[in-house]
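The values are calculated or read from the model by the stated rules, or taken from the named source; none is laboratory data. Treat the numbers as computed from the prediction; the structure is a model and nothing was measured. In this analysis, Cβ positions are derived from the backbone assuming ideal geometry, glycine residues included, and neighbour counts consider all displayed protein chains.
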Amino acid sequence: EECRYTPEDDEWPSDAEWAFFNETLGGVLLKPQPLAISCYAGPSYDTARCASLQTNWRSMAQHNPNSVCTQGGFPVYVVNAMTVRHVQMAVNFARNKNLRLVIKNSGHNYNGNNIGGNALSVWVYNLKGLTYYDNYQASDYTGRAVALAGGTTATEVNAASRTYSMTILNAGGPDVTIPGGYFQGAGHSTYANFYGLAADHVLQISAVTADGIFVVADARANSDLFWAFRGGGGGTLTGNFGVLTSIVVRTFPVTPVASSSISWSTISQPGTPGVSNESFWAGIREYLSFSTSLCDNKGFGYNFLRHTSSSGANGLTFTSSLSLPNRTAAELRAFIRSFLERLNDVRIPISTTAMLTLDFPNMPSSPQISRRALGDTVGNTLIASRLFQRSNYASASSIRAAHRNPFHRQRRRLRRPRPSHESHARQHRKPRQCNHTRFPNSNHAYASV
C-alpha cells in the first residue's frame, strides 16, 4: 500500500495549490495552530493569551517554552465543511494528492480517531439543519421522523423534541452530534431498554464515499452501507465507509422517565457515615444482581465507581442513576424498594432516595456549560469498554467470578439468610450494568457499556 505524502515530501501540495483549493472551496479551508503556541518563542507569542492558558489549562507542565511548538498529531489543514460539496471536494483533493484524510465532527472521541498528524481533516460539525416529517415513508416504516444534518447536536435535537412534542433517542452530552459517533457507535440512551438503540431507528443515511460520490442508503438502496454505518463505530471505523452528511430517524411519542439515584462510599460525609470495604463490595454485588431486574423492566442507568478523597481520607464511592421510562415516580419507588432493603442487609443504610419524573421534550434547550480554557481539557481518566454477557450476572457465583475483589468471601457473613425461592428467582434476572437490548427473532442479547 502506498504511503501518504507528508509536508516533508516534495509531492506535498505547494502553498499555491492550497490557496487555489481554498478559493474553490469558497474560503472554508483552515490552517489551525496548536493552542499553546502563544506560550512559545516566535511570532505567535502572546503574553496575555499565554497567561490565560496557564491559569485555565489543567496542566501546563507539559509545555516547555524553551522547546519548539509543533503541530504534533493534529492535521495540517482543515476543511470546515458547511455543505455536501465541501465534503466531496475534501475527499477528492485528499485522494488525488495522496494525502491522509481524517474525519471530525464534535470531537467526542477519546481514542483520537478524529485527528491525525500530516493530514487533511474534513470537519462536518457545521453541517447544520433539521427537517421534521409528519408522515415519512420508508420501505418498513410510515410515521413521524426527522432528518438531521451531520453536525446536529443533542441540544438541537432536544429543541426539536419540544417543538414537535415527540421523543427522539438522544445523547446525554449537550454538544454531542447525533449523526456522528453517537448513532454510528450504536447510540445508547435512557430509552435503550425501552425503545432500543438509536442505530436501530435510522431510516436513511446520506454520505460521501471514498470516490467522492454522494450516496443515499436505506434498507433497499445501498443496503450494505446502510448496515455498516448503523453501529460500525465513529471516527476512522466508519471513515472506511464514507463521510456521513445526514440521517433520517424515526421518532416516538412523548415518553416521560421516572428517575432516581443512589450512592454509597467508604468515606464519611456530613450526616452520612462511610461503609466498610466489605459492605462496599457487597453492595456492588447486590447492585449487579438487581441489574437483571432493571433491564427486564426496560430500565436504564449510569453507574460510576470512583476513588474519593475527603479530609485526608482516601476511599471509594459508588453512584448510579436508576431510570424507568414511561413509569411514575411512585412506580419507581415501589420497584427499587427490595433492592434498598438488600443494601441495608449488607450494612449500607439507604432508606429512601429522591424521585423525579423527567419530561425530556421539556428539558432546558440551553444547558449551562462552565467556562474553561480555550479549547477543551483532558484529565487523567482511563477510559475502557467491556461487553458483559447475561450469564455473567445469572447467579451469585457468576457475579463473583466476573467481578472479583478481595472481599467477595465476606458476602455470606454480611447477609441475613433468605428463603431459597428468592435466591432461585434472582438467578433468572437480566444484567443491569450493561445496557441490554434483545432484538426480534434473535437469541442473543447485545450490550453497550
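Given the criterion modelled with pLDDT of 90 or more and charged (D, E, K, R), identify the matching residue among Arg4, Arg49.
Working: Arg49 fails: modelled with pLDDT of 90 or more.
Matching residue, one of Arg4, Arg49: Arg4.
Quick test of your reading of the structure: Asp296 fulfils all but one of (1) touching a residue at least 40 places away in the same chain (Cβ under 8 Å); (2) under 24 Å from Ser397 (Cβ atoms); (3) loosely packed, with under 15 Cβ neighbours inside 10 Å. Name the failing condition by number.
The failed condition is (3).
Residues to consider are Thr142, Thr155, Thr131; find the one that is touching a residue at least 24 places away in the same chain (Cβ under 8 Å), out of contact with any Gly (no Cβ under 8 Å at 6 or more places or on another chain) and among the hydroxyl-bearing types (Ser, Thr, Tyr).
None of the other options fit; the residue is Thr155.
For every residue, the table says whether it meets (1) within 22 Å of Asn392 (Cα to Cα); (2) charged (D, E, K, R); (3) in contact (Cβ under 8 Å) with a residue 60 or more places away in the chain; (4) part of a helix (DSSP H, G or I).
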| residue | (1), (2), (3), (4) |
| --- | --- |
| Ala258 | no, no, yes, no |
| Ser261 | no, no, yes, no |
| Val275 | no, no, yes, no |
| Gly283 | yes, no, yes, yes |
| Tyr287 | yes, no, yes, yes |
| Ser309 | no, no, no, no |
| Arg327 | no, yes, yes, no |
| Phe335 | no, no, no, yes |
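Please determine whether any residue of segment 241-250 is touching a residue at least 24 places away in the same chain (Cβ under 8 Å), outside any strand (DSSP E or B) and closer than 30 Å to Tyr302 by Cα. So that I can check it myself, show each step before the final result.
Filtering segment 241-250 for residues touching a residue at least 24 places away in the same chain (Cβ under 8 Å) gives 241-250.
Those left that are additionally outside any strand (DSSP E or B): 241-242.
Next, from what is left, pick out any that are closer than 30 Å to Tyr302 by Cα: none.
Checked against the condition, which is being touching a residue at least 24 places away in the same chain (Cβ under 8 Å), outside any strand (DSSP E or B) and closer than 30 Å to Tyr302 by Cα, segment 241-250 yields no hits at all.
Please pick out the residue among Gly150, Gly143 that is modelled with pLDDT of 95 or more and within 21 Å of the chain's Cα centre (by Cα).
Matching residue, one of Gly150, Gly143: Gly150.
Kindly check whether there is at least one residue in segment 198-212 that is assigned to a loop (DSSP other than H, G, I, E, B), closer than 20 Å to Ala145 by Cα, touching a residue at least 12 places away in the same chain (Cβ under 8 Å) and not assigned by TED's automatic domain parsing to the domain that holds Asp296.
no
Kindly indicate whether any position in segment 270-293 is farther than 24 Å from Ser338 by Cβ, among the small types (Gly, Ala, Ser), modelled with pLDDT under 90 and surrounded by fewer than 23 Cβ atoms within 10 Å (Cβ to Cβ).
Yes; the residues of segment 270-293 include at least one that is farther than 24 Å from Ser338 by Cβ, among the small types (Gly, Ala, Ser), modelled with pLDDT under 90 and surrounded by fewer than 23 Cβ atoms within 10 Å (Cβ to Cβ).
Which of the residues spanning segment 103-129 are surrounded by 22 or more Cβ atoms within 10 Å (Cβ to Cβ), touching a strand residue (DSSP E or B) at 6+ places or on another chain (Cβ under 6 Å), at pLDDT 95 or above and closer than 18 Å to Leu148 by Cα?
Trp123, Leu127
State all residues of segment 168-205 that are among the polar types (S, T, N, Q) and surrounded by fewer than 22 Cβ atoms within 10 Å (Cβ to Cβ); if no residue qualifies, say none.
Gln204
Taking segment 85-128, which residues are touching a residue at least 60 places away in the same chain (Cβ under 8 Å) and polar (S, T, N, Q)?
Gln88, Asn92, Asn98, Asn105, Ser106, Asn109, Asn111, Asn113, Asn114, Asn118
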